[in-house]
Ligand SMILES: Nc1nc2c(ncn2[C@@H]2O[C@H](COP(=O)(O)OP(=O)(O)O)[C@@H](O)[C@H]2O)c(=O)[nH]1
Ligand SMILES: [Mg+2]
């Protein structure tokens with residue numbers, strides 16, 4: 001354990017890999033590792049990259065990594081894909097697309113599946129972020145699919161979130177999808193080599209006119225496959241980061257992140273205790289049969305834990 005933690009803090013790849021395995025799989029030692037590592041986190045730049053499947057997120061991430069390496073920065077990547085527990089295909093694809101960095105010690109790429117979570121972010125993902133952070137990665141990229149609740153929660157902890165869009169997927173549908181406007185710090189209109197890129201940019205602009213946010217999202221055109229627009233995008237990302245810092249939003253984001261983490265643990269701990277009591281499935285059935293309201297169901301479950309509801 002001593003070697004593992006000191007190796008991790010020194011940025012050793014093998015220690016990091018081992019620690020990730022322990023944390024990801026809830027193996028013995030997880031708690032101690034996180035306890036030792038947590039005070040050494042908070043230095044990495046967290047960058048969220050999200051968007052619909054096939055938008056080119058992994059291709060873009062790959063090019064962003066190359067660019068960051070050129071600036072001398074070390075990079076950790078977490079590719080989260082909810083479909084992977086079933087297919088495994090997306091994860092393999094991400095590995096292949098980022099393979100050019102496989103031999104580079106300054107880059108560590110990990111694919112993770114989101115655990116299905118009702119209303120909370122996958123806390124194992126955040127724990128792995130802490131490990132990357134403590135291991136000294138300068139930038140941690142979190143690639144997530146779509147904008148489901150998990151993704152929204154994950155990108156909420158990022159300093160900067162890039163939403164990747166592509167022409168031809170039904171522009172207004174993409175734009176109006178719940179959450180996109182709230183989470184995007186930067187838009188990357190990828191596959192700008194395709195027809196309709198200008199139209200998408202214009203529609204985004206029109207939408208942004210109506211948004212009242214402290215920092216207006218910038219729009220960048222990229223062709224990830226050819227590396228076009230990546231330099232501008234990376235510059236835009238860091239410019240956004242500086243603006244966030246200057247505006248004092250960093251402290252707000254840190255509190256939000258801490259709260260999200262707490263919520264994830266609260267949810268897990270309560271669910272674990274409730275489901276271990278027995279009777280949970282029966283209450284689900286009764287609520288489904290409309291014999292119980294969800295609220296009464298929760299009260300019964302809480303009573304089982306010895307938590308009385310106040311009137
Ligand atoms: N024409 C074009 N194809 C791209 C571009 N970026 C990515 N692609 C292709 O789109 C497909 C999906 O890319 P991928 O990075 O796996 O998307 P992800 O699912 O969002 O991670 C791949 O076949 C890429 O080669 C681009 O800028 N232009
Ligand atoms: Mg991908």
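Each reported figure results from applying straightforward, stated rules to the coordinates on display, with no laboratory input. None of these values were measured; they are calculated from a predicted model. FYI the Cβ positions are ideal-geometry reconstructions off the backbone, even for glycines, and counts take in every protein chain you see.
Quick notes
- Scanning region 191-220 for residues that are under 15 Å from residue 161 (Cα atoms) and within 16 Å of ligand 1 (Cβ to nearest atom) returns 219, 220.
- Residue in region 240-250 that is over 23 Å from the mean Cα position of the chain (by Cα) and assigned to a helix (DSSP H, G or I) present: yes
- Residue that is farthest from residue 305 (Cα to Cα) [pool: residues in region 280-293 that are exposed (fewer than 13 other Cβ atoms within 10 Å of the Cβ) and either touching a residue at least 60 places away in the same chain (Cβ under 8 Å) or in contact with a helix residue (DSSP H, G or I) (Cβ under 9 Å, 6 or more places away or on another chain) (or both)]: 291
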